[in-house]
Amino acid sequence: MINKTVKNAREAVADIPSNCMLMMGGFGLTGIPENCISALLEKDITGLTIVSNNAGVDDFGIGLLLKKRMVKKMISSYVGENAEFERQLLSGELEVDLIPQGTLAERVRAGGAGIPAFFTPAGVGTEVAEGKESREFDGKMYLLESWLKADFSIVKAWKGDTAGNLIFKGTARNFNPIMAAAGKICIAEVEELVEAGELDPNQIHTPGIYVQRIFQGVNYEKRIEQRTVSK
Amino acid sequence: MLTKDQIAQRIAKEVKNGQYINLGIGIPTLVANYIPDNLEVVLQSENGLLGIGPFPTEDQIDPDLINAGKQTVTMAKGSSLFNSAESFGMIRGGHVHLTILGAMEVSENGDISNWKIPGKMVKGMGGAMDLVASADNIIVAMQHCSRSGESKLLPECSLPITGIRCVKKIVTDLAVLEISPAGGFILKERAPGVTVEEIKQMTAGKLIIEGEIPEMIF
């Protein structure tokens, strides 16, 4: 079995250059690649385009990369809860491309699956449709949307093996599996790394073919945005 | 006039046994509290969970388990987990029976605006455009008027549109209304103590009143 293991986050992101396109898994702060974000912060790179459903919060997640001015453009579906993001956007330092969440997910999925474009009903009759080809199927209008691919995709899984097979937990799965497939190089950080053969093949969510580098992450904070409990 | 909880309680009466339901953020989330125990329904969270359970107790909190509003949740018996593309596949594919969401404006032909106010910070549409473009049955939960007293039920939406001709029913603090296929808000029920005349005054779009309009029953 091909061994995809790298030592740590620093080694995994060492060759990520300025001005490249990154995908980062996560929904809110759940399932984000915390270790790789920390390692990217140590690098002297700028001009990144980041595809991620959200943009983190001011002092955690992608918000940290924004604060250090490493990001040129965000491609996201929802970017609230981040004052620094808002400041940079309003001052013109940051570009943002807002995409309906299902369209974003399908564009990423299509990128990984070799489908250059598809029709979706989301956004018909709205400003999202401006400049896009539309077509009627069975009496309903749809918009043509194209695939999204990245130079690197960075994902976070619960368990992984040295062959790059991944298992996710709870709703930390979200965009991670589809992004794994849509990056030329996929870096996976996992909470528990085991030898190939130790994970049950029946339970694998992301087959190792999509993953080029994998490492055991450390010190996961897993910050909660909206701690809500039953009364 | 209804409280937010009463709006949620009235919407819960629309829920039918066996439905898969997506609840938006705000008042729609409250609907879950009023679904009768004798109905078996499954709540979908677009970040990848079918079968949202109650909020966790302190010792059940799992940061890897949140709803689309980023609140910590639990999983109901028989739930399942999936990725974001699969999640929106089930939404666009018409497998979710009922979508309940909030709105800033609804027009008399069923257009909805709920994602952007020009001049204010744009946070994004999240999954709202996918949901409204896909669901066959969309119920809007909202206040009848804005804070400044302007009607939110309009001939045409003034704010950027989220989806066109998609809303079927609206439950506000004043009334239950349905969108007529020919255009217009059909008044179905009044909130307790609210008169038809008051609803007429607060509705800028075409209001259709046929016969006696009953008070809501909870």
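If you go through segment A:67-93, how many residues are modelled with pLDDT of 95 or more and hydrophobic (A, V, I, L, M, F, W, C)?
Total satisfying the criteria: 4.
Which one of these is without any contact (Cβ under 8 Å) to a residue 60 or more places away in the chain and in contact with a Pro (Cβ under 7 Å, 6 or more places away or on another chain): A:Ser134, A:Ser146?
A:Ser146
Can you name the residue in segment A:173-219 that is within 14 Å of chain B (Cβ to nearest Cβ), under 16 Å from the mean Cα position of the chain (by Cα) and among the β-branched types (Val, Ile, Thr) and, of all such residues, is nearest to A:Gly114 (Cα to Cα)?
Ranking the candidates gives A:Ile178 first.
Which of the residues that make up segment B:69-81 are open to solvent by less than 30 Å² (accessible area, probe 1.4 Å) and within 8 Å of chain A (Cβ to nearest Cβ)?
Answer for segment B:69-81, where residues must be open to solvent by less than 30 Å² (accessible area, probe 1.4 Å) and within 8 Å of chain A (Cβ to nearest Cβ): B:Gly69, B:Lys70, B:Thr72, B:Val73.
Out of all the residues in segment B:2-18, which are over 11 Å from the mean Cα position of the chain (by Cα) and open to solvent by less than 20 Å² (accessible area, probe 1.4 Å)?
Passing the criteria: B:Leu2, B:Arg10, B:Val15.
Anything in segment A:190-231 that is surrounded by 17 or more Cβ atoms within 10 Å (Cβ to Cβ), of a type outside the set (Phe, Trp, Tyr) and in contact with a helix residue (DSSP H, G or I) (Cβ under 7 Å, 6 or more places away or on another chain)? List them, or say none.
Once the filter is applied, which keeps residues that are surrounded by 17 or more Cβ atoms within 10 Å (Cβ to Cβ), of a type outside the set (Phe, Trp, Tyr) and in contact with a helix residue (DSSP H, G or I) (Cβ under 7 Å, 6 or more places away or on another chain), segment A:190-231 yields A:His205, A:Thr206, A:Val211, A:Arg213, A:Gly217.
Check every one of the strands (runs of 3 or more DSSP E) wholly within segment B:42-126 and list those with 2 or more residues that are without any contact (Cβ under 8 Å) to a residue 60 or more places away in the chain.
B:42-45, B:49-52, B:75-81
Can you tell me how many residues in segment B:154-202 are part of a loop (DSSP other than H, G, I, E, B) and open to solvent by 30 Å² or more (accessible area, probe 1.4 Å)?
13
Please go through segment A:81-90 and pick out each residue that is of a type outside the set (Phe, Trp, Tyr) and in contact (Cβ under 8 Å) with a residue 24 or more places away in the chain.
A:Glu81, A:Asn82, A:Ala83, A:Glu84
Quick one: is B:Leu49 aliphatic (A, V, I, L, M), at the interface with another protein chain (Cβ under 10 Å from one of its Cβ atoms) and under 22 Å from A:Asn53 (Cβ atoms)?
Answer is yes for this residue.
Does any residue of segment A:91-104 turn out to be more than 10 Å from every other protein chain (Cβ to nearest Cβ), outside any helix (DSSP H, G or I) and touching a residue at least 60 places away in the same chain (Cβ under 8 Å)?
Looking for residues that are more than 10 Å from every other protein chain (Cβ to nearest Cβ), outside any helix (DSSP H, G or I) and touching a residue at least 60 places away in the same chain (Cβ under 8 Å), one finds none in segment A:91-104, hence no.
The values are calculated or read from the model by the stated rules, or taken from the named source; none is laboratory data. Because the structure is a prediction, the values reported are computed rather than measured. We place every Cβ from the backbone using ideal geometry, glycine too, and count neighbours over all the protein chains shown. Ligands, DNA and RNA are stripped out before the accessible areas are found, and what is left, the full protein with its side chains, is counted by its heavy atoms. Shrake-Rupley method; radii C 1.70, N 1.55, O 1.52, S 1.80 Å.
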